[in-house]
Amino acid sequence: MEKQDKKLVCKDCGEEFIFTAGEQEFYEEKGLEHEPVRCKECRQKRKAERMKSLEQLKHN
Ligand SMILES: [Zn+2]
């Protein structure tokens, strides 16, 4: 069946975001069963924060 873009609500900011058909296919390919819970922005923010704390660990 053809996939369709899905509207999801971000867990962090509460904004709606689109889980595109392409992304759904990517998730399936990777064997990920769960839909994303955060929008792209929040995901990037979290990633940046994680990188920052890793950097700090390195410097300590
Ligand atoms: Zn968000």
Item to check | Max mean-square fluctuation residue, GNM over the chain, Cα-Cα springs under 10 Å, options K45, K11, K30 | outcome: K30
Next on the checklist: Over the chain, what is the relative contact order in percent, taking alpha-carbon pairs closer than 8 angstrom and at least six residues apart?
Outcome noted: 29
Next on the checklist: Tell me the angle of helix 40-59 to the major Cα principal axis of the chain, expressed in degrees between 0 and 90 and rounded to the nearest ten.
Outcome noted: 20
Next on the checklist: Taking the alpha-carbon distance from K11 and a cut-off under 18 Å, which lysines remain once sequence neighbours fewer than 8 residues away in the same chain are dropped?
Outcome noted: K40, K45, K47
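Read the figures in this text as sums done on the coordinates, not as results from a lab. Note that this is a predicted model, so its numbers are computed, not measured.
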